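K.L.:
Quick one: the structure is below, and I'll ask about it shortly.
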């Protein structure tokens, strides 16, 4: 290879490595801000600020969803396999919201440790299976262990 | 090592005359595969257990995303070859890959947004996967814009290639974002080392669509590059003959 | 492998998801068609640009040769 071209090749490689390293360091420094939500264990450890809009994500524990008879009010508990967090919400839930599936909830943490939600999003997993194949037991267990968040 | 073959590859005329015969086959393969895959995916595969019919968007969302990411390396590597060997052809490939990559990332973002509403309950959230994919679209647009910015074609090409190279760091970030950070987007369904997380019956049309998108990518990359070469070589006799011949 | 929908209207509505699915496919179709035909349009534009350039060059050449043709006798008549 011609020496001038070899020099240009080295310059190109240096450019790619340095710019990648710079972006990598910035991403590493901001890693907490890049997370879209806090898992329930961060709430249990007191790492989540109060009176500020934050997001929580976790598995909706099967059997924990309680709906009011006369309003849209709903309460449920999410988990990441380590800790649990109670969520209250007063609007319509997304179609794919389900027990044993993950959800991402935006809202404010009340002093009582309950999350007052203003938005609930359904988070689905990466498995593409037809209706009859989904094994509910295995699926719920994976969810409860934090496997879907 | 003998580099002669490599330098001949850099001749716009040689490239133009060599690739012409491949175009009809690539076009035919793209149209057939994309039609078969779409009809199959839209009507002849059962619905998803939780998502119902909205998941049928996967048959365009995933192939578009794959090609938008893979195409970035096509653009960046062509740019690097252009910078190192000062090859006209590779800058033309880089510029063509930028246009096609922009279209593919736009398709990926729009179909993802339309898929997000019925499944997640939102068109858009500023989470890592979506934001890094939006940055990819802006990088493609940036490369296109820079190629228009300088009055001298050579310096415009160099500037575009530098931006393309700096942006390569975004590709692993997009791919791994769902593993590195908590995100709304689920993890990868198609896996290289492990078994993919998709039912085989649902996978066949997806495979056809992915191959179809690869053919479409190859076909349009060639046609865009060829037209760009004619434009850039318009002063030469061979380009004028190509433009005015066959009329 | 069989068609999954009972009739055309079910195929179009897709249980309420039809609008999202069909808009996605339509948008993708249009974008891909645009991407495929763009080189054809650009090529046609280049052709007409080249023809215009050639015509201009021809006209210029003719004008120059006419001028020299008409001016040559004038020059000859002019006193030195």
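K.L.:
Select from the stretch B:103-127 the residues that are surrounded by 24 or more Cβ atoms within 10 Å (Cβ to Cβ) and more than 7 Å from every other protein chain (Cβ to nearest Cβ) and write down the one among them that is nearest to the chain's Cα centre (by Cα).
P.N.:
B:104
K.L.:
Take the stretch B:169-187 and flag every residue that is within 19 Å of the chain's Cα centre (by Cα), surrounded by fewer than 19 Cβ atoms within 10 Å (Cβ to Cβ) and within 8 Å of chain A (Cβ to nearest Cβ).
P.N.:
Result: B:169, single match.
A quick yes/no check of all residues on (1) under 14 Å from the mean Cα position of the chain (by Cα); (2) closer than 30 Å to residue B:57 by Cβ; (3) surrounded by 13 or more Cβ atoms within 10 Å (Cβ to Cβ); (4) at pLDDT 95 or above:
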site: A:71; (1), (2), (3), (4): no, no, no, no
site: A:76; (1), (2), (3), (4): no, yes, yes, yes
site: A:80; (1), (2), (3), (4): yes, yes, yes, no
site: A:89; (1), (2), (3), (4): no, yes, yes, yes
site: A:102; (1), (2), (3), (4): yes, yes, yes, no
site: A:120; (1), (2), (3), (4): yes, yes, yes, yes
site: A:132; (1), (2), (3), (4): no, yes, no, no
site: A:140; (1), (2), (3), (4): no, yes, yes, no
site: A:146; (1), (2), (3), (4): yes, yes, yes, no
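K.L.:
Here are B:214, B:204: which of them is at pLDDT 90 or above and more than 12 Å from every other protein chain (Cβ to nearest Cβ)? Write out each step before concluding.
P.N.:
Working: B:204 fails: more than 12 Å from every other protein chain (Cβ to nearest Cβ).
So the residue among B:214, B:204 that is at pLDDT 90 or above and more than 12 Å from every other protein chain (Cβ to nearest Cβ) is B:214.
K.L.:
Determine whether residue B:198 is closer than 30 Å to residue B:93 by Cβ and touching a helix residue (DSSP H, G or I) at 6+ places or on another chain (Cβ under 8 Å). Even if it seems obvious, please write down each step before you answer.
P.N.:
Numbers: closer than 30 Å to residue B:93 by Cβ: no; touching a helix residue (DSSP H, G or I) at 6+ places or on another chain (Cβ under 8 Å): yes.
Taking the combined requirement at face value, the residue does not satisfy it.
K.L.:
Conditions: (1) assigned to a helix (DSSP H, G or I); (2) touching a helix residue (DSSP H, G or I) at 6+ places or on another chain (Cβ under 6 Å); (3) without any contact (Cβ under 8 Å) to a residue 40 or more places away in the chain; (4) within 14 Å of chain A (Cβ to nearest Cβ). Residue B:131 meets all but one. Number of the miss?
P.N.:
Result: residue B:131 passes all but (2).
K.L.:
Among the helices (runs of 4 or more DSSP H) lying completely within the stretch B:137-247, list those that include at least 2 residues that are closer than 30 Å to residue B:11 by Cα. Please lay out each step first, then the result.
P.N.:
Values: elements: B:153-166, B:170-180, B:200-232, B:237-244.
Because the criterion is at least 2 residues that are closer than 30 Å to residue B:11 by Cα, the helices (runs of 4 or more DSSP H) in the stretch B:137-247 that meet it are B:153-166, B:200-232, B:237-244.
K.L.:
Would you mind telling me which numbered condition in (1) buried (at least 20 other Cβ atoms within 10 Å of the Cβ); (2) facing another protein chain (nearest Cβ under 8 Å); (3) under 30 Å from residue C:19 (Cβ atoms) residue B:33 fails?
P.N.:
All conditions pass for residue B:33, except number (2).
K.L.:
Next question. Filter the stretch C:1-41 down to the residues that are part of a helix (DSSP H, G or I), over 22 Å from the mean Cα position of the chain (by Cα) and either more than 7 Å from chain B (Cβ to nearest Cβ) or in contact (Cβ under 8 Å) with a residue 60 or more places away in the chain (or both) and list them by number.
P.N.:
Selection gives C:8, C:9, C:10, C:12, C:13, C:16, C:18, C:19, C:22, C:26.
K.L.:
Continuing with this model, one more query. How many residues are more than 7 Å from chain C (Cβ to nearest Cβ) and touching a residue at least 40 places away in the same chain (Cβ under 8 Å) if we restrict to the stretch B:227-238?
P.N.:
Pass one, the stretch B:227-238, residues more than 7 Å from chain C (Cβ to nearest Cβ): B:228-229, B:232-233, B:235-238.
Retained after the next criterion (residues that are touching a residue at least 40 places away in the same chain (Cβ under 8 Å)): B:228-229, B:232-233, B:236, B:238.
The number of residues fulfilling the criteria is 6.
The values are calculated or read from the model by the stated rules, or taken from the named source; none is laboratory data. This structure is a prediction, so every number in the text was calculated from the model and none was measured. With ideal geometry, Cβ positions are generated from the backbone for all residues, glycine too; neighbour counts draw on all protein chains shown.
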